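Report on the following structure.
The values are calculated or read from the model by the stated rules, or taken from the named source; none is laboratory data. Since the model is a prediction, treat every value here as computed from it, not as a measurement. For neighbour counting, all protein chains shown are included, and Cβ atoms are generated from backbone atoms with ideal geometry for every residue, glycine included.
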Amino acid sequence: MKNIKIYIGLIICTITFSACKKDFLEREPQSIVVEDQVYGDPKLIEGVLANLYNRIPTDASLTNRWTEHTAYDDAVWSGSGNAGDEYRNNIISYPVDRWRLWDYGFIRDVNLGIEGVQKSAKLTAQQKAQFNAEFRFLRAYDYFEMVKRMGGVPLVTTPLVYDYSGDATNLQLPRSKEVDVYDFIATELDAIVNNIENNGSTSRANKYAVLALKCRAMLYAGSLAKYNNQMASPITLPGGEVGIPAQRASDFYNKALDAAKQVMAGPYSLYKSNAANLGENFYEALTKKTGNPELILIQDFLQSKGFKHGFSYDNIARSLREDNLASSAIAPTLNLVEKYEYLDGTAGNLKTRNVDNSDYVYYTNTQDIFANKDARLYGTIIYPGTSFRNTPVNIQAGVALWNGTTYQIIEGDLGAKYTDGKLLTGLDGPQRSALDLSNTGFYLRKFIDNTPLASTRTRGTDIAWIRFRLGEVYLNAAEAAFELGQTASALSYINTLRERAGFGANSLSALTIDRIRNERRVELAFEDHRVWDLARWRIADKVWNGSTSNPDAMLYALYPYRVVRPGDAARNDKYIFIKQVAPRFKTPRFYQIANYYSSIDQAVLNNNPKIIRNPFH
Amino acid sequence: MKKISYIVLFSLIAFFSCKKDNYDAPTSRLSGRVLYQNQAVGVRSDGVQLELWQRGYSLFTKIPVFVAQDGTFSATLFDGDYKLVRLRGNGPWLDNPDSIAVKVSGNTQVDVPVVPHFNLSNVSFNKAGNTVTATFTVQQVTSTSVLERVNLYLGTTMIVDNTRQDASAEKLASDIVIGQSGSITVNIPAALASRNFMYARLAVKTNGVGEALFSAPQRIEFK
């Protein structure tokens, strides 16, 4: 019996070991795809590209660092106060590494992709040219994101491979000049513009996305060349790693204008499908993905496949939320609201007090104070008296009780009734210190999904993040043309955009740089432009100078109150508005001269002695 | 009983096992002042930085040392040899790329000499009615520097500067004669007029330099 067991054991052993013998150590891996397989299959290369598209850096998008929309002057953080989120209302000064980006992991992945496609034996020449172009577009995009934060960075265009010789000096590249990085971006984009194809796609770059990137990058370079050199003491480094010569300005502006003209001559047009309601029209232009002729390149999401995000969950107006816990995190400021002009062309300051400042202005409905404003205000911001998802919001801070000589302000819980049986405080606030409730009296509409259940965590939303759209190209063209002295064509670009916002044809007949800047602010709010625009115009340190007495550095709220003044029919039950610093906002915005270029990580400096530090840090 | 003995046993292990492999915290204190003509240079609180570097270890990264608003600084360090660097473009003084060798051994004092762009002298504050008036003289220290403005700040606490203040007034360079006495007046905000005291401070700002040079804050009695 014992022997039989041993025999069986021996037989099993023999079978097992002999069967494995031949190719025991040489197997196709089951769980990873090797390089040859990737670059032999166009579908897999698209997978590599999709990964890279998703990794394009942003300062604040719908998914990446979305909370940072509240770190500047367009919004106050009104979400929860835990996990350190509240610090955005209390930034003493921006840290010098706030915008630091040394994205060479991305660059290396692109360079490996270019090399892999080049070596591939299975792709056709046409496929190779197209993939090569798309990888280079992504690389140019990433270099643009780096140069606008760091100044000149090392230009690496091939995968750097260490040879294990103990000497890494051939891998230590110095920083290029800032101007050379912008020139590199322009040359790269020119070289690929006719190979990239993807015609009609909005989620992959095509010819017009290439031109739109070139347009933006050249505009940045032009304004840096011009405005940096107009500073009292321009920010430069002796080697040119930072600082673009002033004489290059017109060259860069010309390139920007030229690229913009090519995009505008393309198959795109401004979204105007909802001519009956221009405010909704602007909202749809930013949120509709199909049948929207304005989109050039977007970061797309698809709810049905589980590729979704929670931007609507976090930022939906309080009374409209469909989930518990979060809402209302991004509360737009009165600063932004007042930048939207009146349709007659006058400045957008809201009229809360009468002309001689002796009394409030009384409005019958809360929305009346916003009457005749730029339609983009409605498309961007939910203000008192408007609706979202066909449901009216309920924004009222409290009542103002007349005591014979002055108004006594009374505020209560959300939805509470005053002793006269009418509303005291609306379901949407605002309240001074509540979490997940607007602190400013405004809510965000842009990029918030109005589909039922889109603001739940389970369903989520698939609103796309817009990287490039035609509206921005018009503004780029207008700014470049204006800087080049072509005021007439600059006016026509700006007026086209303003016409869509409800202004009449040719609403402007004269143009200043401040007007163009204001137009950018209201058109492109929450699209990751504001801080970069202020930086390239070199006015960020003046607009956000950290002074409590500077109305641009402080963020304001607008609190509506219902008047209780029985016996005065002209005023009783009317609404008054009180402007004040947003109660949760504590510290004025302070952008230091040292913030124009972010500091380089000490580990980078230690590893590569050829890298020199940026000025001021 | 058994439980208690386990608890005693585990706590003995827990308390003893930590001892061996932990470093002592640094105990030596490096302190000093940023000096011009033997006077500490006033700056913005939390704004101006000096750097300490120590070579010879695998981690090579700076130890930032922030200068307090009265021009003093301090850091708690391990004994050793350090280089103290005046971070360029950071303070209201001329860049000086020379580092200062510092040997920290126990409590150590080191003074950092700097050459400011401008200096303030004969500073005095005076309250009259609802205003505070400061008189001052701006002195040009570095001949190539260009004056931008002088600011007067009022604050409720002793920490007063351009970011922490309740009222401010400014005078641009075109209204200032360098080397001669000038004055600025600021209105006391109505909401603060009933206080017993406030602090006032002057700052002189140079063109193209981020940080300003400040006078010492002075307490002004309102009552």
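What is the number of the single condition among (1) among the polar types (S, T, N, Q); (2) part of a loop (DSSP other than H, G, I, E, B); (3) within 27 Å of A:GLU280 (Cβ to Cβ) that A:GLN367 does not meet?
Failed condition: (2).
Which one is farthest from B:GLY208 (Cα to Cα), of the residues in the stretch A:511-558 that are among the β-branched types (Val, Ile, Thr) and not in a helix (DSSP H, G or I)?
Step by step, filter the stretch A:511-558, then rank; the result is A:THR512.
Go through the stretch A:416-439 and report how many residues are in contact with a strand residue (DSSP E or B) (Cβ under 8 Å, 6 or more places away or on another chain) and surrounded by 15 or more Cβ atoms within 10 Å (Cβ to Cβ).
Adding up the residues that qualify gives 8.
In the stretch A:567-617, which residues are closer than 22 Å to A:ASN354 by Cβ, more than 33 Å from the chain's Cα centre (by Cα) and not hydroxyl-bearing (Ser, Thr, Tyr)?
A:GLY567, A:ASP568, A:ALA569, A:ALA570, A:ARG571, A:ASN572, A:ASP573, A:LYS574, A:ILE576
Might you check whether a residue that is closer than 26 Å to B:TYR153 by Cα and outside any loop (DSSP other than H, G, I, E, B) occurs anywhere in the stretch A:567-575?
Checked against the condition, which is being closer than 26 Å to B:TYR153 by Cα and outside any loop (DSSP other than H, G, I, E, B), the stretch A:567-575 yields no hits at all.
Pick from the stretch B:154-186 the residues that are modelled with pLDDT of 90 or more and touching a Ser or Thr at 6+ places or on another chain (Cβ under 6 Å): which of them is farthest from A:VAL543 (Cα to Cα)?
The selected residue is B:SER181.
Take the residues in the stretch A:383-401 that are surrounded by 18 or more Cβ atoms within 10 Å (Cβ to Cβ) and among the β-branched types (Val, Ile, Thr); name whichever of them is farthest from A:ARG321 (Cα to Cα).
By that ranking, first place goes to A:VAL399.
Looking at the stretch B:143-150, can you tell me whether even one residue there is within 17 Å of B:PHE222 (Cβ to Cβ), assigned to a strand (DSSP E or B), within 21 Å of the chain's Cα centre (by Cα) and within 14 Å of another protein chain (Cβ to nearest Cβ)?
No; the residues of the stretch B:143-150 include none that is within 17 Å of B:PHE222 (Cβ to Cβ), assigned to a strand (DSSP E or B), within 21 Å of the chain's Cα centre (by Cα) and within 14 Å of another protein chain (Cβ to nearest Cβ).
Is it the case that some residue within the stretch A:155-165 is surrounded by fewer than 17 Cβ atoms within 10 Å (Cβ to Cβ), within 14 Å of another protein chain (Cβ to nearest Cβ) and among the acidic types (Asp, Glu)?
Checked against the condition, which is being surrounded by fewer than 17 Cβ atoms within 10 Å (Cβ to Cβ), within 14 Å of another protein chain (Cβ to nearest Cβ) and among the acidic types (Asp, Glu), the stretch A:155-165 yields no hits at all.
Out of A:SER93, A:SER80, report the one residue that is touching a residue at least 24 places away in the same chain (Cβ under 8 Å), in a loop (DSSP other than H, G, I, E, B) and surrounded by fewer than 17 Cβ atoms within 10 Å (Cβ to Cβ).
Step by step, each of A:SER93, A:SER80 is checked, and only A:SER80 is touching a residue at least 24 places away in the same chain (Cβ under 8 Å), in a loop (DSSP other than H, G, I, E, B) and surrounded by fewer than 17 Cβ atoms within 10 Å (Cβ to Cβ).
On the phi > 0 side of the Ramachandran plot and surrounded by fewer than 24 Cβ atoms within 10 Å (Cβ to Cβ) - does that describe any residue in the stretch A:440-450?
no
Which of the residues belonging to the stretch A:89-139 are within 14 Å of chain B (Cβ to nearest Cβ) and touching a helix residue (DSSP H, G or I) at 6+ places or on another chain (Cβ under 6 Å)?
Once the filter is applied, which keeps residues that are within 14 Å of chain B (Cβ to nearest Cβ) and touching a helix residue (DSSP H, G or I) at 6+ places or on another chain (Cβ under 6 Å), the stretch A:89-139 yields A:TYR94, A:VAL96.
With the structure loaded, tell me whether B:ASN119 is closer than 19 Å to B:VAL48 by Cα and modelled with pLDDT of 90 or more or whether it fails that test.
yes
Given the criteria within 14 Å of another protein chain (Cβ to nearest Cβ) and farther than 29 Å from A:SER233 by Cα, does B:THR157 qualify?
Yes, satisfied.
Of all residues in the stretch B:161-177 being in a loop (DSSP other than H, G, I, E, B) and away from chain A (no Cβ under 12 Å), which is nearest to B:PHE197 (Cα to Cα)?
Selected residue: B:ILE176.
Quick one: in the stretch A:488-544, which of the residues that are of a type in the set (D, E, K, R) and in contact with a strand residue (DSSP E or B) (Cβ under 9 Å, 6 or more places away or on another chain) is farthest from the other protein chains (Cβ to nearest Cβ)?
Ranking the qualifying residues of the stretch A:488-544, first place goes to A:GLU527.
For the stretch A:499-521, how many residues are closer than 23 Å to A:ASP73 by Cα, free of Cβ contacts under 8 Å to residues at least 60 places away in the same chain and of a type outside the set (A, V, I, L, M)?
Residues in the stretch A:499-521 being closer than 23 Å to A:ASP73 by Cα, free of Cβ contacts under 8 Å to residues at least 60 places away in the same chain and of a type outside the set (A, V, I, L, M): 6 in total.
Could you check how many residues of the stretch A:503-522 are touching a Gly at 6+ places or on another chain (Cβ under 8 Å) and small (Gly, Ala, Ser)?
The qualifying residues number 1.
Exactly one of (1) crowded, with 19+ Cβ neighbours inside 10 Å; (2) over 20 Å from A:LEU336 (Cβ atoms) is unmet by A:GLY404. Its number?
Result: A:GLY404 fails condition (1) only.
Surrounded by fewer than 20 Cβ atoms within 10 Å (Cβ to Cβ) and free of Cβ contacts under 8 Å to residues at least 12 places away in the same chain: which single residue out of B:SER99, B:SER105, B:SER143 fits that description?
B:SER143
Yes or no, residue by residue, for (1) closer than 30 Å to A:VAL153 by Cβ; (2) buried (at least 19 other Cβ atoms within 10 Å of the Cβ); (3) in contact with a strand residue (DSSP E or B) (Cβ under 8 Å, 6 or more places away or on another chain):
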site: A:GLY546; (1), (2), (3): yes, yes, yes
site: A:SER549; (1), (2), (3): no, no, yes
site: A:PHE577; (1), (2), (3): no, yes, yes
site: A:ALA582; (1), (2), (3): no, yes, yes
site: A:ASN595; (1), (2), (3): yes, yes, no
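Tell me, yes or no, whether the stretch B:186-198 has at least one residue that is of a type in the set (D, E, K, R), within 14 Å of another protein chain (Cβ to nearest Cβ) and more than 22 Å from B:TYR36 (Cα to Cα).
Looking for residues that are of a type in the set (D, E, K, R), within 14 Å of another protein chain (Cβ to nearest Cβ) and more than 22 Å from B:TYR36 (Cα to Cα), one finds none in the stretch B:186-198, hence no.
Quick check, is B:TYR153 farther than 19 Å from A:ALA553 by Cβ and part of a strand (DSSP E or B)?
no
From (1) closer than 13 Å to A:TYR143 by Cα; (2) crowded, with 22+ Cβ neighbours inside 10 Å; (3) in contact with a helix residue (DSSP H, G or I) (Cβ under 7 Å, 6 or more places away or on another chain), pick out the condition that doesn't hold for A:ARG175.
(3)
Could you check, for the stretch A:594-605, whether at least one of its residues is in contact with a Lys or Arg (Cβ under 9 Å, 6 or more places away or on another chain), aliphatic (A, V, I, L, M), within 25 Å of A:VAL531 (Cβ to Cβ) and away from every other protein chain (no Cβ under 11 Å)?
yes
Could you tell me how many of the residues in the stretch A:233-282 are within 18 Å of A:LEU484 (Cα to Cα) and in a loop (DSSP other than H, G, I, E, B)?
The qualifying residues number 2.
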